[in-house]
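**Q** Handing you this structure, nothing more for now.
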Amino acid sequence: NYALDETWVRCFPYTQQAKPGQRLTLAVVITNHADTPQATACRAALPRAWGENATDWSSAEVPAKTEKPFW
């Protein structure tokens with residue numbers, strides 16, 4: 001129930017510029033503010049213009065009071 005609040009979940013880098021055909025790398029950083037580890041999962045829903053619908057799911061456990069990037 002972390003939603004897309006920048007204090008919980010954010011993309012890194014926040015913005016990028018690319019030319020057609022250029023490859024981009026981004027991460028989703030999840031911050032666990034809880035006192036216990038939290039299971040998480042995420043995927044990117046890509047624009048149709050990129051030729052994809054969504055990436056595969058990535059999942060991990062985020063330790064308490066830490067943040068974890070998904071690449």
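**Q** Averaged per residue, what accessible area in Å² does the chain show with a 1.4 Å probe, protein chains only?
**A** So the chain comes to 82 Å² accessible per residue, rounded to a whole number.
**Q** Right, here's the next one. Percent of accessible area on the chain owned by carbon and sulfur, 1.4 Å probe?
**A** Its accessible area is 52 percent carbon and sulfur atoms.
**Q** So, one more: Dipole of the chain (Lys/Arg Cβ +1, Asp/Glu Cβ -1, origin at the Cα centre): which of Val9, Trp50, Ala60 lies farthest to the positive side?
**A** Ranked along the dipole, the leading option is Trp50.
**Q** Separate question: Ala27's amide H: which non-local residues (gap 5+, or another chain) put their own amide H closer than 5 Å, with H modeled 1.01 Å from N in plane and none for Pro or chain starts?
**A** Amide H to amide H, under 5 Å and 5 or more residues apart or across chains, Ala27 pairs with Phe12.
**Q** Please turn the phi angles of region 29-43 into ³J(HN,Hα) values with the Karplus equation 6.51 cos²θ - 1.76 cosθ + 1.60 (θ = phi - 60°), one per residue in order, whole Hz, x for glycine and proline.
**A** 9, 10, 9, 9, 8, 6, 7, 10, x, 10, 6, 9, 8, 8, 7
The values are calculated or read from the model by the stated rules, or taken from the named source; none is laboratory data. Everything numeric here is computed off the predicted structure, so don't read it as measured data. Because the Cβ atoms are built from the backbone with ideal geometry, glycine has one as well, and the counts that use them run over all protein chains shown. Keep in mind that these areas ignore ligands, DNA and RNA; they rest on the heavy atoms of the full protein, side chains included. Shrake-Rupley method; radii C 1.70, N 1.55, O 1.52, S 1.80 Å.
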